1. Quick one: go through region 138-168 and flag any residue whose amide nitrogen is under 11 Å from the point 7 Å out along the Cα-to-Cβ line of Gln47.
2. Can you check what the net charge comes to around Ala142, using other residues whose Cβ is under 14 Å from the Cβ of Ala142 (Lys, Arg +1; Asp, Glu -1)?
3. For a protection proxy built on the mean count of beta-carbon atoms within 10 angstrom, sort 153-164, 110-121 highest first, please.
4. Enumerate the amide H contacts of Ala120 below 5 Å, restricted to partners 5 or more residues apart or on another chain; note that Pro and chain-start residues carry no placed amide H.
5. Any idea how far the Cα center of region 172-230 sits from the one of region 144-159, in Å?
6. Please find the FRET efficiency linking Ala151 to Ala198, where r is the Cβ-Cβ separation and R0 is fixed at 22 Å, and quote it to the nearest 0.05.
7. How big is the accessible area of Asp195 in square angstrom, nearest 10, if you roll a 1.4 angstrom probe over the protein chains?
8. Per 0.36 nm of contour for each residue apart, how much would the distance between Tyr215 and Asp109 grow if the chain were fully extended, relative to their Cα-Cα spacing?
Amino acid sequence: SVGIGFAIPSAMVQPVVESLKTTGTIKRGWLGISSQDVTPEIQKMLQLPAVSGALIGGVTKAGPAHDRLQPGDVLVALNGAPITNTRSLMIRTAQILSGQKAKAQFYRDGSLQTAELTVAVPPADTPPGVAQVATPPNINLAAIGTAISAASSPNGLTVVAVDPHGPAAKAGLVADNTIAAVGANAVTSPITLRDQLADLAKAHQPVAVLLVSGYDSSGTDPGPRWLPVTLAK
């Protein structure tokens, strides 16, 4: 011995032992979501009680979280265990065997809600038991009360969170929408969008007209549409 020891929590060992005893294999759980840590900016924008939880950026179709969780939700507990960040979500999810029920507790539109998920086996190309971390980090646009993905795209920018009391939410923008243009000007990068909003503010224009696609607040997809969003002063 060189004096180094390793300890594994019994809560992680127990389900593994039970799975080996009953099936001879280990089938880790999978929720079918992508997530990222909550930053102080996101906490303020979503009016969360603490800088804690896992902000959902995407939900896999036909996955366990489909129709139960949605982009913009902030997961704070799973089966009673606190979720403080994406790592704790990864660890907690890995402790749940596929086929088991999991009670998710999350914030949506400023209120704490719950949903029951049936944990599934991860697809072959997905690392077992983990929620994929959305990278790169997001960009906060205080002028319209949203956070957008920092990844550039020729088709527009993805909205990852919307302040429920901000101007964008009042105009009908929801998480997972795509912003393709501001007026006649296409947006292909977060810097472009931020600069266009700043230019409107400098010109004393009170409203930014955004070309948006994706689902609306009713859960239906009306197709590409223009939303007039009042700029915050």
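The values are calculated or read from the model by the stated rules, or taken from the named source; none is laboratory data. Small disclaimer: the values here were computed from a predicted structure and weren't measured. Quick reminder, even Gly has a Cβ in these numbers, built from the backbone with ideal geometry, and neighbours come from all protein chains shown. Keep in mind that these areas ignore ligands, DNA and RNA; they rest on the heavy atoms of the full protein, side chains included. Shrake-Rupley method; radii C 1.70, N 1.55, O 1.52, S 1.80 Å.
1. Residues 163-166 fall inside that zone.
2. Details: positive: Lys44, Arg194, Lys233; negative: Glu41, Asp163.
The answer is +1.
3. On the way: 153-164: 20.8, 110-121: 14.4.
Listed from highest to lowest mean packing, they are 153-164, 110-121.
4. Trp30, Gly99
5. Using only Cα atoms to place each centre, the spacing works out to 10 Å.
6. Numbers: r = 21 Å, r/R0 = 0.94.
Approximately 0.60, to the nearest 0.05.
7. For Asp195, the solvent-accessible surface is approximately 80 Å².
8. Values: separation 106, 0.36 × 106 = 38.16 nm, distance 1.61 nm.
Full-extension gain reported as 36.5 nm.
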